[in-house]
Amino acid sequence: MLPIKVPPLGESIVEATVSRWLKNEGDVVAAGDTLVDLETDKITVEVPALKPGVLAKRAKAEGDVVHVDDVLGELDETAVPATAGATSAAASTPAASPAPPTARPTSASRPPSPPPPAQGERTKSSPAARRVAEERGVDIAAVAGTGRGGVVSKPDVIAAQTQRPAPVSQPRGNGVTPGDRETREKMSTRRKRIAENLLQSQHATAHLTTFNEVDMSAINSLRDKFKEKVEKEHGVKLTFMPFFVRAVCQALKQFPTINSQVDGDTIVYRHYVNMGIAVASEQGLVVPNIKDADQKGLIALSGEIAEVAKRARDGKLAMDDLTGGTFTITNGGVFGSLVSTPIINYPQVGILGLHKTQDRPVALNGQVVIRPMMYIALSYDHRIVEGQQAVQFLVRVKELIEDPAAMLIE
């Protein structure tokens, strides 16, 4: 028997949760077929069959927490010829394979009772949605998905449950049945790790935030002038984020401590910028990073930011996308946030928070005028970043955004 083990999960990740099995015991599999999905605090890891054979045993159940090198199950590689693939395995006789006659070698085969949903139907639902559907007795095949490509998400399942006819029972005096008053849901591994990381950041750093505001008039004008040309010639949409990334990269050159990391009693200075971009995905907040962002121009940054954000929302990030970041930008303004204090993405020592652009009256040359203004916030680790440095850094970002010509020249 060939053991199926939890593979290396990536930097600083030691455990995962068994999200779902794609194969049942007795299923014929080809080399490379995904057997099981593991959910970590950062990404979903697919565990493939290293050789063709039959899944003889599933040692871990969905929802179990596992660690690197734990045995997930066993693969009987002697049950089919070593050269067998998906096609040849399908044609194997019962004598050549102990798989039940009804087993199929497709990557998502299921026993005939109960009948499985079609391949496309099953893959169009997130692990969290399937888990909640099972816990609450909701038929996920009957739930309409509102995600990209019709993917069924956890909120879709919850909404479908609330729309079902309530069970017949004697209501209380307020007309609410006992089951409607509260529900309980176990945290996913990813949600638990996100919570732990946020607490670690608060406990392990001297957390402080400073604020400023930026007049977005110049960036608005520049973007409006070139966005159609950029999209036509380069195939990317010119958003505000690459301007802030470039401004931050230039400001970090002047204040390198904000791009550093504390290692015991040593300060590690980075002479490069891997810019983390916080992205809200269905599985929770993730922070993929743009490698060597300080070496890239606005067009290249626009393309990479759009690409990595899409991979984050689609759950297709690689571990390399999520490791090695040196500084982070988070934009709560896309959700309408006017001002906030972002939490440092530990072990980094600085994070810039962007917010909603809003027309406000400001004093300019002795007159009150209306300008599109944005509050920006820098949270920093006061153990090594002095308040003066933090304020000057934020002022430099403000200057570059309000005078983008200087930023582009540099």
Sole exception among (1) closer than 23 Å to Phe393 by Cβ; (2) at pLDDT below 95; (3) not in a helix (DSSP H, G or I) for Thr210, by number = (2)
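If you check Ser221, Ser281, Ser260, Ser302, which single one turns out to be of a type outside the set (D, E, K, R) and open to solvent by 30 Å² or more (accessible area, probe 1.4 Å)?
Ser221
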Yes/no for Leu394 being touching a residue at least 12 places away in the same chain (Cβ under 8 Å) and of a type in the set (A, V, I, L, M, F, W, C) = yes
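Yes or no, residue by residue, for (1) of a type outside the set (S, T, N, Q); (2) surrounded by fewer than 21 Cβ atoms within 10 Å (Cβ to Cβ):
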| position | (1), (2) |
| --- | --- |
| Ile4 | yes, no |
| Thr17 | no, no |
| Leu22 | yes, no |
| Ala30 | yes, no |
| Leu35 | yes, no |
| Thr40 | no, no |
| Glu46 | yes, yes |
request  = Being out of contact with any Pro (no Cβ under 7 Å at 6 or more places or on another chain), in a strand (DSSP E or B) and polar (S, T, N, Q) is the filter here, so list the residues in the stretch 29-42 that pass it.
outcome  = none
query = For Gly276, which of the numbered conditions (1) surrounded by fewer than 21 Cβ atoms within 10 Å (Cβ to Cβ); (2) touching a residue at least 24 places away in the same chain (Cβ under 8 Å); (3) closer than 21 Å to Arg193 by Cα; (4) not hydrophobic (A, V, I, L, M, F, W, C) fails to hold?
reply = (1)
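The values are calculated or read from the model by the stated rules, or taken from the named source; none is laboratory data. Everything quoted here is computed from the prediction, not taken from an experiment. As a convention, Cβ positions derive from the backbone with ideal geometry for all residues, glycine included, and neighbour counts pool all protein chains shown. To get the accessible areas, we keep the full protein, side chains included, count just its heavy atoms, and leave off ligands, DNA and RNA. Shrake-Rupley method; radii C 1.70, N 1.55, O 1.52, S 1.80 Å.
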